[in-house]
Amino acid sequence: MATPNYGYEKRQKELAKKRKKEEKLKNRAERGSAETEGDDPDEAAVGDVQNDHKNSSV
């Protein structure tokens with residue numbers, strides 16, 4: 001009978017934790033940048049209008 005490979009299982013568990021942590025950091029960074037963009041609604045509105053003009057000429 002084969003013995004369990006605990007080292008492999010441990011490595012897989014560590015990799016899963018690392019992926020989850022990186023995903024959390026990525027989400028926090030995206031959420032943080034979205035909050036800073038949304039602080040001044042006037043600037044956001046101007047940016048949206050400028051983008052609409054660019055899209056309409058295409």
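Nothing in this text is a laboratory measurement; each read-out follows from the coordinates by a stated rule. Remember, it's a predicted structure, so these values are computed and weren't measured experimentally. Here Cβ is always computed from backbone atoms with ideal geometry, including for glycine, and neighbour counts include all displayed protein chains.
Multiplying the residue separation of Thr36 and Arg11 by 0.36 nm and removing their Cα-Cα distance gives an extension gain of 5.2 nm.
Among residues other than Gly7 with Cβ under 14 Å from its Cβ, the summed charge is +1 (Lys and Arg +1, Asp and Glu -1).
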